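Bear in mind that the values in this text are calculations on the coordinates, not laboratory data. A quick note: this is a predicted structure, and the numbers were derived from the prediction, not measured. Positions of Cβ are backbone-derived with ideal geometry, glycine not excepted, and every protein chain shown enters the neighbour counts.
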């Protein structure tokens, strides 16, 4: 039995770690898209966060300051995107793609001297007796704080969008920016905040890769995580909890296929490597297929430029 | 009338590059008054109310609300002062529910549960029942307007601005709206009512301010003026009713025989055993309350809905199986009711839109290549002949006001020199002078020997242009009769069943 060598508790624990960077980026992009902006620069903002987080964490030697720096790094790129698309009215798709390419190139330059260095360790959160529970303790309660904060963030975003007035205004801006403007809401200001939040989240996701999951810096180390986050948002129908389920599914398949590779299963490695992408997309397509547009929940003004005509 | 003045507007002016939208406009509205703001498309009505609502800042002039200086910098300030507005294109959010939509238009919305209760109370009180938990995307146009109105009412407005509220409503819904507005006025709320439907204004309003080219032309009591007089004030010239020279009736150009066709829209009305003949030089008017099969009739005639081959004939030749391009080639053209999105592609320029329907008949395309020079010349020709007000043919269709775009899409079809033209609501939302131009062009086309089929809900329009007359009722078409000597009462009877529907509708309310 090939699964014999895989411990489910370890698998679960590894899954949460593997899913966290994607989930962080996805929840940020979800907010951005809910406000009606399509930022395809997630990959670029992630790698920026990975690089900045790494550099800042290594120099004074504190992972927490590193994460803060990563969020700032992601926000700087996001601010550039906001300047281009909201103030200068450039095309969102083209600007987002450029942002990704720019981020990849810039970080290759900035990170040159940091290849091969080990970052300071992020301590695991001490949950006392909880982490000693058989199976559950190993699976859920021996992580670093970022894993838990990410789950809390998903809950916070869900609550924000569903129950707060600010969240409702943000959904309104994303649904019909002309109507929101007519009612006197500041479409661009709302979108600016959303874009910056998305950048910070993507940056944190990137830093989680370089500081914890991989624990090292290499050029282009995000290898498409940003794109998976983008796809997750769409297939999760812009619903936070569903995005989390999708991210965990993706993380689970990634970990599982790595274990299967290690266990020497006789399936070509290429198939195993592509399986997380295929399975995640397939499952999410099945969930969201066969529904009316309204229940798909797509923001009505997504990717439409807003130009206030008064 | 000696009621206290609520809003005083003095010398408001606003310019945009190249346009003086408002020029020294002054008027007053008293409390509890229903005040009409009248004007052609582009006369500056919308700019004026946007200034009152704080969406646009005036270049000059001042406003007073209850004797105090009033200069709202943004809509929330206007709302705080008691000014509310119902927009022409609804400012609603499809994916949000009724309660959320209402909350978004309020400054300090109460907690969701209280809000839902207040929506129910207020909406029932004014005869506009609404379920707060429904998604707005699922509501009809009339219900959406209720959401807008209830949103305003919950804020206890002193002044309610309504921008062409009836353009999307059925006659029954218009009645309900008027009852609500009269009740509000009786309670002391002033209403600023923008429209260019003169009969409506005469029925509803106490006073009217007429704008032309951004300037105030007159203030009058609409009940003491005829619709004709007000129309002439709006346009600034004498209106000549369309000329209808007597002309011989030609051969049958289009014949439809016992055609039943299922609607493609699940909420549409299927056509049931439609038969009629259209002669060369004849204008056939088809009346009916909206939703009785008008859209389907147009789609069937334009070729968007295919019919059995032999049941639609053009000069005896079967064309039922042909699509729109095939029929255009043979000389049957159509202009649907929905101008943006159906008659015209919103994000394409007027030149491109001209090409879309005229490519074949005007030879604008050769061997798969587009002759842009000729296409643009054709677009310019339409713009010039139908007085479409636009900077040029390069402008996007969506940038035109409704009436101007209507002139363009109807003009585009008329310029194709068709044998048969089918139009649905040709002058919907179009001002008086433009409507006259369109009607005259349709009559001229008939004079040249084309068959013209006009589907309209405006009975006055049909009586003005039609030679013969029929009515649609639940997908059935009455016998065609001559329009000469036909009275409005007889037409009402032809529209049949609609009287009963009204009663049923009211019972349901």
For region B:267-282 and region B:125-167, compute the distance between their C-alpha centroids and round to whole Å. 36
Theoretical FRET efficiency, 1/(1+(r/R0)^6), r = Cβ-Cβ of residue A:65 and residue B:62, R0 51 Å, to 0.05: 0.35
Ignore the peptide's own chain and count Cβ atoms of other chains within 10 Å of each Cβ in B:104-110; give me the average, rounded. 3
How far is helix A:8-34 tilted, in degrees, relative to the longest principal axis of the Cα atoms in chain A, given as a value from 0 to 90 rounded to the nearest 10? 10
If you find the alpha carbon centre of region B:28-63 and of region B:404-439, how far apart are they in angstrom? 29
How high is the relative contact order of chain B, in percent, counting Cα pairs under 8 Å that sit 6 or more residues apart? 15
So, in nm, how far is label residue B:30 from label residue B:219 when the simple model puts each one 7 Å beyond its Cα toward the Cβ? 1.1
Hey, fewest Cβ within 10 Å first, where do B:395, B:283, A:187 land in order? B:395, A:187, B:283
Within 10 Å of each Cβ in B:93-99, how many Cβ atoms from other chains are there, averaged over the peptide? 5
Quick calc, residue B:107 & residue B:387: beta-carbon distance into FRET formula, R0 41 Å, rounding 0.05, result 0.40
What is the distance, in nm, between label points placed 7 Å from the Cα along the Cα-to-Cβ direction at residue A:263 and at residue A:126? 3.6
Could you work out the helix-only [θ] at 222 nm for the protein assembly as shown, with each DSSP H run of four or more residues adding -39,500 (n - 2.57) and the total divided by the number of residues, to the nearest 500 deg cm²/dmol? -14500 deg cm²/dmol
What number, in percent, do you get for the relative contact order of chain A if the mean sequence gap of Cα pairs under 8 Å and at least 6 apart is divided by its residue count? 36
Rounded tilt (10° steps) of A:269-288 against the dominant C-alpha axis of chain A: 40
Here the percent of antiparallel bridges among DSSP beta bridges lying wholly in chain B, to the nearest 5, is 50
Virtual spin-label span in nm between residue B:440 and residue B:398, 7 Å along Cα→Cβ: 3.4
Packing rank of B:223-235, A:124-136, where each peptide gets the mean count of other beta carbons within 10 Å, highest leading: B:223-235, A:124-136
Listed peptides A:70-76, B:148-154, B:175-181 by packing density, highest first (mean Cβ within 10 Å): A:70-76, B:148-154, B:175-181
Peptide A:172-183 - average C-beta neighbours from other chains (10 Å radius): 6
What ranking do B:117-124, B:479-486 get when scored by the average of other Cβ atoms within 10 Å per residue, highest first? B:117-124, B:479-486
Rounded to the nearest 5, the percent of DSSP beta bridges in the protein assembly as shown running antiparallel is 55
Determine, for A:201, B:220, the number of other Cβ atoms within 10 Å of each Cβ, and report the residues in order from fewest to most. B:220, A:201
Cβ-Cβ FRET estimate between residue B:186 and residue B:493, R0 fixed at 30 Å, reported to 0.05: 0.30
Region A:187-258 versus region B:445-470: alpha-carbon centroid distance in Å: 62
Connecting every pair of Cα atoms under 10 Å apart in chain A and solving the GNM, the largest mean-square fluctuation among A:273, A:95, A:237 falls on A:273
Which order do B:252, A:93, B:333 fall in if you start with the one that has the fewest other Cβ atoms within 10 Å? A:93, B:252, B:333
List the relative contact order of region A:1-99 as a percent without decimals, with contacts defined as Cα pairs under 8 Å and 6+ residues apart. 27
